[in-house]
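See below for the structure under consideration.
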Amino acid sequence: MRLVADRPERLDKFLARVLPEHSRTKLARLIEEGEVMVDGNVQKPKFPLEPGMEVVLDEPEGTPAHNLAPADIPLEIVFEDDDLLVVNKPRGLAAHPATSLKEPSLVNALLGRNTVLSTAGGDFRPGIVHRLDKETTGLMVVAKNDQAHVSLARQMEAKTAERRYFAVVGGNVEQERFTVSAPIARSKHNRLLMAVDPHGKPAVTHVKRIARMETGTLVACRLETGRTHQIRVHLRAIGLPVLGDTIYAPREYASGPLQLHAGFLAFDHPRTDERVSFYAAPDSEFLGHELVSRAALEEF
């Protein structure tokens, strides 16, 4: 198994992140036993990886088979060149294969159109630099080679890449602009969920009210960090659950499609260093689709 480090990180933490189906103890043991090579050398678990370093190990026993079969799924490609593509991910499509996922993912759809994808993210999520939840729609950048992957991942880590979202929340948003700054960690009650936790990782979400509607309030969200389920967890924590969120929203707000759309994405192109930005409007199932605009996200 060949992996490429996509950000500065300890070796043991890197393996735990890209191979989540294995315990940290098991992966640490493989490193200690010399079964993991970094750029051709055996290293200790705390070895500091840098972007671009190659990590090679035998596939750990018990690694589940992930479905990487090409799938014929129509995709809206917003931009594409030799290094990357930007796709407007549809609702109901997971970003990459997972052991619990039976249906095809975005990766399968990309393989179905014969797209060459980077390998830096691991064997079962080629090309995937960042993710959107399965029911979240919107823009994702996908790397087509490892050099582009490392550059884009570094920008995500350094917070120089911009990601902005539209959401419809339950309740009335009183303030025009505000910031939610609350650490996020795995829930102590359900390890599949996230929660605000004082001992969690720092997380910051900036919010701007766009319009009040009969069904709720349309807001724009700008991420300063990129924690799992960050927008959904932060808005629920302040009493403004995202409509259609079957995981975090109270029952009265949880019906219908998830009202969360990644509408704006900007980053420095890995090859040219030119700043590029992209916009995609939400689909017709998004309750505020007639009220959104690119300007609402750019001017934020």
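Readers should treat all values here as calculations from the given coordinates under stated rules, not as data from a laboratory. These numbers were taken from a predicted model, which means no experiment stands behind them. A quick note on method: Cβ atoms are made from the backbone with ideal geometry, for glycine too, and the neighbour counts reach across all protein chains shown.
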Work out the FRET efficiency for L192 and I238 from their Cβ-Cβ distance, taking R0 = 22 Å, and round it to the nearest 0.05. 0.45
Could you put T217, T228 in order, starting from the residue whose Cβ has the fewest other Cβ atoms within 10 Å? T228, T217
For T137, the residues 5 or more places away or on another chain with a placed amide H closer than 5 Å to its own amide H are L260, A262
Regarding the stretch 206-300, what's the average projected area of the Cα-atom convex hull, expressed in nm²? 6.9
Once a ≥ b ≥ c are taken as the square roots of the eigenvalues of the Cα gyration tensor of the stretch 66-158, is the result rounded (a/c under 1.5), prolate (a/b larger than b/c) or oblate (a/b not larger than b/c)? rounded
Using a Cα distance threshold of under 21 Å, what count of lysine pairs results for the chain when pairs must be 8 or more residues apart or interchain? 16
Can you quote the Å³ per residue value for the convex hull of the Cα atoms in the stretch 108-165, rounded to an integer? 88
Label point distance in nm, S181-E35, each placed 7 Å from Cα along Cα→Cβ: 4.4
Relative contact order for the chain using alpha-carbon pairs under 8 Å, separation at least 6, rounded to a whole percent? 15
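Show that you can apply the helix-only estimate: for the chain, add -39,500 (n - 2.57) for every DSSP H stretch of four or more residues, divide by all residues, and state [θ] at 222 nm to the nearest 500.
-4500 deg cm²/dmol
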Kirkwood hydrodynamic radius, the stretch 106-253, all distinct C-alpha pairs: what's the number in Å? 16.7
Antiparallel versus total DSSP beta bridges in the chain: what percent is that, nearest 5? 95
In whole percent, what relative contact order does the stretch 159-300 give with Cα contacts below 8 Å and a gap of six or more residues? 26
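Could you state the orientation-averaged shadow area of the convex hull built on the Cα atoms of the chain, in nm² to one decimal?
Answer in nm², one decimal: 15.6.
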With θ set to phi - 60°, apply the Karplus curve 6.51 cos²θ - 1.76 cosθ + 1.60 along the stretch 84-91 and write out the HN-Hα couplings as whole Hz, x wherever there is a Gly or Pro. 7, 9, 10, 10, 8, 5, x, 5
Over 5 Å intervals from 0, what percent of Cα-Cα pairs in the stretch 2-57 sits in each interval? 4, 23, 37, 27, 8, 0
Listing D81, D268, D245, D146 from the residue with the fewest other Cβ atoms within 10 Å to the one with the most, what is the order? D81, D268, D146, D245
Stretch gain in nm, segment S293-M1, where the contour uses 0.36 nm per residue and the Cα spacing is subtracted: 100.7 nm
